[in-house]
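**Student:** There's a structure below that I have some questions on.
The values are calculated or read from the model by the stated rules, or taken from the named source; none is laboratory data. Here the structure is a predicted model, which is why all the values come from computation and not from measurement. Virtual Cβ from ideal backbone geometry, glycine too; neighbours counted across all protein chains shown. Each accessible area value is taken on the protein alone, full model and side chains, heavy atoms only, with ligands, DNA and RNA left out. Shrake-Rupley method; radii C 1.70, N 1.55, O 1.52, S 1.80 Å.
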Amino acid sequence: MPAQPPDPVHHPCFARFYARASTAAETHAGIGALREELLSGVSGRVIEIGAGNGLNFAHYPRAVSEVVAVEPERTLRRLAAAAALRAEVPV
């Protein structure tokens, strides 16, 4: 089996920092409330480019039928995949 090529987008230091900072900001800085407000009128099929660690997923209203999310950074993509499993809408 040939070796898998290296991931073109892999920034583990940034990914760890972003995951920690964004999670803290979600509650302590009120970012969660802003996400809720920004996504409140969204419906149908949504494409989210640069999903990060998937914090938006919990804020999509039930009017969203599906979220198609893309995250190129593998560490953040792994966190987003875990968040997708907890989301109330299909991701």
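**Student:** Separation between the E88 and V68 pseudo-spin-labels, each 7 Å from Cα along Cα→Cβ, expressed in nm?
**Tutor:** In this crude label model, E88 to V68 measures out at 2.5 nm.
**Student:** Tell me the carbon and sulfur percent of the accessible area for the chain, rounded to whole percent, probe radius 1.4 Å.
**Tutor:** Looking at the chain in its full context, I get 62 percent from C and S.
**Student:** Sticking with this structure for a sec: Per residue, how much accessible area does region 12-85 have with a 1.4 Å probe, in Å²?
**Tutor:** 60 Å²
**Student:** Still on this model: Could you run the Karplus curve 6.51 cos²θ - 1.76 cosθ + 1.60 with θ = phi - 60° over region 65-73 and give me ³J(HN,Hα) per residue in whole Hz, x for Gly and Pro?
**Tutor:** Once rounded to whole Hz, the list reads 7, 6, 10, 9, 10, 10, 9, x, 7.
**Student:** Give the long-range amide H neighbours of V67: residues separated by 5 or more places, or on another chain, with amide H under 5 Å away, using H modelled in the peptide plane at 1.01 Å from N.
**Tutor:** Distant-sequence amide H within range of V67: V46, V91.
**Student:** Please report the Cα spread of region 12-85 along all three principal axes, rounded to whole Å, starting with the longest.
**Tutor:** 35, 26, 18
**Student:** In percent, what relative contact order does the chain have, based on Cα pairs under 8 Å that are 6 or more apart in sequence?
**Tutor:** 29 percent
**Student:** Would you rank H59, H11, H28 by solvent-accessible area, highest first, keeping every protein chain in place and using a 1.4 Å probe?
**Tutor:** Final ranking, largest accessible area leading: H28, H11, H59.
**Student:** Positive end of the charge dipole of the chain (Lys, Arg +1 and Asp, Glu -1 on Cβ, about the Cα centre): tell me which of L39, V9, H28 has its Cα farthest that way.
**Tutor:** Going by the Cα projections, it comes out as V9.
**Student:** Relative to the present Cα-Cα distance, how much length would full extension add between E37 and D7 at 0.36 nm per residue of separation?
**Tutor:** Length gained, E37 through D7: 7.4 nm.
**Student:** Suppose every K and R has +1 on its Cβ and every D and E has -1 on its Cβ; what is the size of the dipole of the chain about the Cα centre, in Debye to the nearest 20?
**Tutor:** 220 debye
**Student:** Have a look at A81, A69, A21 and tell me which one the Gaussian network model of the chain (Cα, springs below 10 Å) gives the largest fluctuation.
**Tutor:** A21
**Student:** Oh, and also: Rounded to the nearest 20 Debye, what is the dipole magnitude of region 40-91 about its Cα centre when Lys and Arg each give +1 and Asp and Glu each give -1 at the C-beta?
**Tutor:** So the dipole magnitude of region 40-91 works out to roughly 100 debye.
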